[in-house]
Amino acid sequence: MRILEASGICVVALFALLFAIFFRRRLLMVGGGTIRVQVRINTMVLGRGWSPGLGQFLGDELRFHRMFSLAIRPKRVLDRRALTVEERRPPAGPERLTMPGHWVVLRCRTPEGEVEIAMAETTVTGFLSWLEAGPPRDPGSLRGRTVFGPRPMES
């Protein structure tokens, strides 16, 4: 009888944990301005270290919340005033196994260093618009933002 009680408690605890994770996700999405995104947390192994989550736009910040976490605070906060997109590329190698094929990887520069963000192609347009809509920068403070477009052909 004790085994049955213990297994019942474990099942209830598991359901409570799953409910808490999905309830937290729903709370993050209530205010709008959220996107599905993956951020590369670890760069030790090439193509690995991606963490799925939600990106939440709040003012001049993009807050990254991990998908399967109970934390209220974001894992990473990116300030658009100091964020520069340096490269846009499709997923390559092992990355193709961890994210959908229509996603794009953006390599960004922040004052703390480089960060890679992956999101759907359709979301990239909105992300770049949000980035460009930021307040004007002090001319001597940071480099200008990279503008994407067709690269000129080298001869």
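The values are calculated or read from the model by the stated rules, or taken from the named source; none is laboratory data. All of these numbers come straight from a predicted model, not from anything done at the bench. Positions of Cβ are backbone-derived with ideal geometry, glycine not excepted, and every protein chain shown enters the neighbour counts.
General remarks:
- Residues located in the range 37-95, provided they are within 25 Å of PHE23 (Cβ to Cβ), in a loop (DSSP other than H, G, I, E, B), in contact with a Lys or Arg (Cβ under 6 Å, 6 or more places away or on another chain) and not basic (Lys, Arg): PRO74
- Cβ-Cβ under 9 Å pairs, at least 6 apart or on other chains, the range 82-109 side at positive phi, far side loosely packed, with under 15 Cβ neighbours inside 10 Å: GLY93/LEU46
- The range 18-35 - residue that is of a type in the set (Gly, Ala, Ser) and under 17 Å from the mean Cα position of the chain (by Cα) and, of those, surrounded by the most Cβ atoms within 10 Å (Cβ to Cβ): GLY33
One line per residue, one yes/no per condition, for (1) among the aromatic types (Phe, Trp, Tyr); (2) at pLDDT 80 or above; (3) closer than 21 Å to ALA120 by Cβ:
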residue: CYS10; (1), (2), (3): no, yes, no
residue: VAL37; (1), (2), (3): no, yes, yes
residue: GLY47; (1), (2), (3): no, no, yes
residue: GLY55; (1), (2), (3): no, yes, yes
residue: LEU58; (1), (2), (3): no, yes, yes
residue: GLU61; (1), (2), (3): no, yes, yes
residue: LEU83; (1), (2), (3): no, yes, yes
residue: ARG96; (1), (2), (3): no, yes, yes
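- Residue ID - farthest from LEU58 (Cα to Cα), chosen from residues in the range 1-36 that are in a strand (DSSP E or B) and of a type outside the set (Lys, Arg): ILE35
- Test result for THR122, modelled with pLDDT of 85 or more, touching a helix residue (DSSP H, G or I) at 6+ places or on another chain (Cβ under 7 Å) and farther than 20 Å from LEU46 by Cβ: no
- Contact map, the range 66-80: first residue free of Cβ contacts under 8 Å to residues at least 40 places away in the same chain, second residue polar (S, T, N, Q), Cβ cut-off under 8 Å, separation 6 or more or different chains; pairs are ARG66/SER51; PRO74/GLN56; LYS75/SER51; LYS75/SER69; LEU78/THR110; ASP79/THR110.
- Selected residue (criterion: modelled with the highest pLDDT) from residues of the range 68-81 that are exposed (fewer than 15 other Cβ atoms within 10 Å of the Cβ) and among the hydrophobic types (A, V, I, L, M, F, W, C): VAL77
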